[in-house]
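Here is the structure we will look at.
Computed from the coordinates by the stated procedures, all read-outs in this text should not be read as laboratory data. Owing to the predicted nature of the structure, the values given are computational and were not obtained by experimental measurement. FYI the Cβ positions are ideal-geometry reconstructions off the backbone, even for glycines, and counts take in every protein chain you see.
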Amino acid sequence: MSDSKRRSRGNQEESAGTSNGLGGRNRPERPGDMADEDDIGAGPSGISEEDDDPTRRREIRSKYRDLINQVQQNREDMLNPANNKLTDVLEEANKLFANVRQAREAALDAQLLVLATDLGKEKASQLHAEGSAFDPSAFAEHLLSFMGLNRLEDESGQDGNLEGYLPQGAWQRLAKRSEYCFKTAPSFHYMLGSFLAEPPPPRQRVERQRKVPSKEAKRIMPTQLKKMEESHQEATEKEVERILGCLQSYFADDSEEPISYYEFVIDPNSFSRTVENIFHTSFLIRDGLVRMYMDTDGLPCIAPVEEGEMEPGGAVVRHQCVISINQESWREIIDAFDIKEALIPAPEVLSQ
Amino acid sequence: NKNKKKSPLWCSRSKMTGLQQIFILIKDQKKIPIRRADIGKHVIKEYKAIYIEIMNRVCRKFDQVFGLKLVEIDPKNHIYILINKLEPIHGEPVSMRPGNPKTGLLFVILSVIFMKGGVIKENLVWNTLKKLRVDPGEKHEEFGDVKKVVTDEFVRQKYLEYVKIPHTEPVEYEFRWGLRAEKEVSKLKLLKFVGELFDQDPQSWTQQFREASATETSSQRS
C-alpha cells in the first residue's frame with residue numbers, strides 16, 4: 001500500500017498521496033542521507049501551504065536529528081538511573097511532534113522513539129527492586145583472591161590497581177571449583193590411543209638437534225670413541241691372554257698330563273666366573289691357540305696348540321659347538337670331578 | 001531372504017545404534033552441538049525410516065550405559081548436546097583430569113551475566129576480564145586470543161550468545177547465556193559459589209535466587 005509513494009532523486013513530480021503521519025516508511029533514515037534529500041522534496045498536493053513550509057520542516061527535522069544524536073552519543077548518561085534525561089528527551093520529542101504534518105518528519109520521530117524505547121528497556125532492566133546489588137568489580141577482586149593472587153608488598157591499595165601477579169595454575173584452580181556447576185559430559189577418548197601415529201615430525205626435530213652440536217664435538221668425538229673401544233677389547237684380550245698363559249704354564253709343568261676342560265674352566269666358588277672362563281676360553285679355541293679333544297673316557301680335554309702345529313688358513317679340521325651351562329650342572333660337575341679350587345685364578349683387579 | 005537383503009531395513013539396528021553413539025561421542029569432544037542433519041548424512045543415510053527408532057535406542061544406551069543425556073537444545077533446528085545425567089557431588093572431584101582453564105573463564109562470564117539479570121553489554125565482560133588480567137586486546141598466556149575464545153568458540157559451543165544490540169552506532173553487542181549453558185549449568189550451584197566468594201548468603205540476591213531455584217526444580221522434572 002505504501003509502495004505507491006516512492007522517492008527518487010531527480011523526480012520532483014512525485015505525488016505524495018495521502019500518506020501523512022506515521023506508517024509510510026520502513027527504512028530508517030540516517031541523518032547523513034537527509035541532508036541530501038533536503039532540497040529534493042516534492043511538495044505533496046492537497047496540503048496547506050503552512051504545513052508545507054520547507055524552512056519549518058527543515059527546522060523540525062534538524063531538531064529531531066539533534067535529539068537522536070544526543071541519545072546516541074550520551075547513551076551511558078541516559079542510562080544512569082540517577083537522572084531523568086531520557087524522559088526529558090521524550091518530552092522534547094512530544095513537543096516537536098505537535099508540529100509534524102508529513103511522513104518525513106514523522107519517520108524521524110519514529111526513529112527517535114525506537115532509540116528511546118531501547119534505552120528505556122535497558123534502564124528498566126537495571127532496576128533491582130529487591131535484593132543486594134551485584135558489583136562485577138568486587139566479584140573480580142574476590143576471584144583474584146580465590147585464585148591466589150600474590151599481592152606485592154608495597155601495593156598502594158587503590159581500586160583498579162593491577163599490582164600483583166597470578167600464580168601458575170590459577171585458572172585451573174578456578175576451573176576445578178567451577179566444574180561443580182556444570183553437568184558436562186566427559187569427553188570421549190580412546191583408552192589405548194589410536195592407530196594414527198605421526199612419525200615425520202619427530203624425525204625432523206632430531207635432525208635439527210643433531211646438526212648443531214656436530215661441528216663443535218667433531219674434534220673430541222673420535223678420541224673418546226677409540227678409547228672406549230680399546231677398553232672393551234682390551235679387557236677381553238687381556239683376560240684371554242691371561243688364561244692362555246695359565247694353560248701354557250700348567251702344560252709347561254707337566255706336558256704329559258692332559259687337563260680336563262671342566263676342571264680348567266670351572267671355578268667352584270663362582271658360577272659367573274665359570275661362565276666367563278668358558279667365554280674367554282672359546283676365543284682361544286676359535287683362534288686356534290688351544291684345542292679341545294676327547295680323551296679315552298670321552299671327557300673333553302684342553303691343550304695349547306704347539307707353535308708348529310698351527311696352520312694359518314685353517315687346514316685343521318674344525319668343529320663348532322655351543323656350550324651351555326646352568327647352575328645345577330655346574331654343581332654336579334663340581335661334585336663329580338671333586339673340584340676344590342679354580343685352575344684359572346680370579347683376576348686380582350676387576351676390570352672396569 | 002533375497003527380499004530381506006534388498007530392503008533398506010536389513011542393516012543391523014544395533015550396529016547403527018553403535019555407530020550413531022560413536023558419532024555423537026566424537027562430535028561431543030569439541031562440545032560443538034550436533035545437528036540431526038549431520039547424523040542423517042553420516043550415519044543413518046538412506047535408512048531414514050528407522051531414524052526415530054535408532055534415536056530412541058541411542059538415547060537409552062547413553063542413559064543406561066554412560067549416564068549421559070542427549071538433549072535437544074533447539075527443537076526447531078533439531079540440534080542436540082550431550083550432558084551428564086549425574087550431578088557432581090561437592091567434595092568429590094568431578095574428573096581426574098586437571099581443570100581446563102577455559103572452564104574458569106566461562107564461569108566468570110556466565111556468573112556476571114546471570115547476576116546482572118541475564119543480559120549484559122559486552123563492555124562489562126571485557127572490563128571484568130581485564131581486572132582478572134585477561135585483556136581481549138592482548139594475547140593471553142593461557143587463553144591466547146581471548147576475544148576469539150569468548151565470542152567465537154563459546155558461542156559455537158552454545159555456552160554463550162553474542163548478539164548485536166539493534167540501533168546502536170557504532171555497533172555494540174550483548175552477551176546472554178547460550179542454549180547449552182541453560183541445560184548444562186546449574187544456576188543454583190553457580191549462585192552458591194558466588195556467595196562463597198563474597199562470603200554472603202546466596203539468598204541475599206533474592207531475584208537471582210528465585211530464578212535459580214525455579215530453574216533447578218524445572219530441570220529436575222525433565
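When you look at the Cβ of every residue in A:139-145, what mean number of other chain Cβ atoms sits within 10 Å?
Details: counts 10, 9, 4, 6, 9, 3, 1.
If you average over the peptide's residues, the count of other-chain Cβ atoms is 6.
In the stretch A:53-155, if the dipole is taken from +1 on Lys/Arg beta carbons and -1 on Asp/Glu beta carbons about the Cα centre, which of A:Phe139, A:Leu115, A:Leu79 is farthest to the positive end?
Sorting the options by dipole projection puts first A:Leu115.
If you average the alpha carbon positions of the stretch A:57-105 and of the stretch B:190-220, how far apart do those two centres end up, in angstrom?
When both Cα centres are located, 40 Å separates them.
So what is the calculated 222 nm ellipticity per residue for chain B, using -39500 (n - 2.57) for each DSSP H run with n of 4 or more, over all residues, to the nearest 500 deg cm²/dmol? Don't skip to the end; give the middle numbers.
Numbers: 9 runs with 96 residues, N = 222.
Calculated from helices alone, the mean residue ellipticity at 222 nm is -13000 deg cm²/dmol.
Taking 18 Å as the cut-off for C-alpha to C-alpha distance, list the pairs among B:Lys85/B:Lys192; A:Lys176/B:Lys148; B:Lys31/B:Lys158; B:Lys45/B:Lys76; A:Lys85/A:Lys121; B:Lys69/B:Lys183 that go past it.
Numbers: B:Lys85/B:Lys192 21 Å; A:Lys176/B:Lys148 23 Å; B:Lys31/B:Lys158 9 Å; B:Lys45/B:Lys76 21 Å; A:Lys85/A:Lys121 15 Å; B:Lys69/B:Lys183 10 Å.
Checking Cα-Cα distances, B:Lys85/B:Lys192; A:Lys176/B:Lys148; B:Lys45/B:Lys76 exceed 18 Å.
A:Lys123 label point, 7 Å along Cα→Cβ, cut-off 15 Å on backbone N: hits in the stretch B:97-139?
Those under the cut-off are none; the list is empty.
For chain B, what does the convex hull of the Cα positions come to per residue, in cubic angstrom?
Enclosed volume per residue, from the Cα hull, is 168 Å³.
Under a plain spin-label model, where a point goes 7 Å from the Cα along Cα-to-Cβ, how far apart in nm are A:Ser137 and B:Ser219?
The two pseudo-label positions are separated by 3.2 nm.
Taking θ = phi - 60°, what integer Hz values does the Karplus form 6.51 cos²θ - 1.76 cosθ + 1.60 yield along the stretch B:73-79, in sequence order, with x for Gly and Pro?
8, 9, x, 6, 9, 6, 10
Work out the mean other chain Cβ neighbour count within 10 Å for the residues of B:109-118 and drop it here as an integer. Intermediate results must be reported in sequence, preceding the final value.
Details: counts 0, 3, 6, 4, 0, 1, 5, 6, 5, 1.
If you average over the peptide's residues, the count of other-chain Cβ atoms is 3.
Between B:Val163 and B:Ser12, what is the label-to-label distance in nm when each label sits 7 Å out along the Cα-to-Cβ direction?
4.7 nm
Report Rg (one decimal) and Dmax (nearest whole number) for the stretch A:72-112, counting Cα atoms only, units Å.
12.1, 36
If contacts are Cα pairs under 8 angstrom and at least 6 residues apart, what is the relative contact order of the stretch B:80-221 in percent?
On the way: 124 pairs, mean separation 28.6, N = 142.
20 percent.
In whole Hz, what ³J(HN,Hα) sequence does the stretch B:171-186 give by Karplus (6.51, -1.76, 1.60; θ = phi - 60°), x for Gly and Pro?
For the stretch B:171-186, the Karplus curve yields 4, 10, 10, 10, 10, 9, 6, x, 5, 5, 4, 4, 8, 9, 9, 8 Hz.
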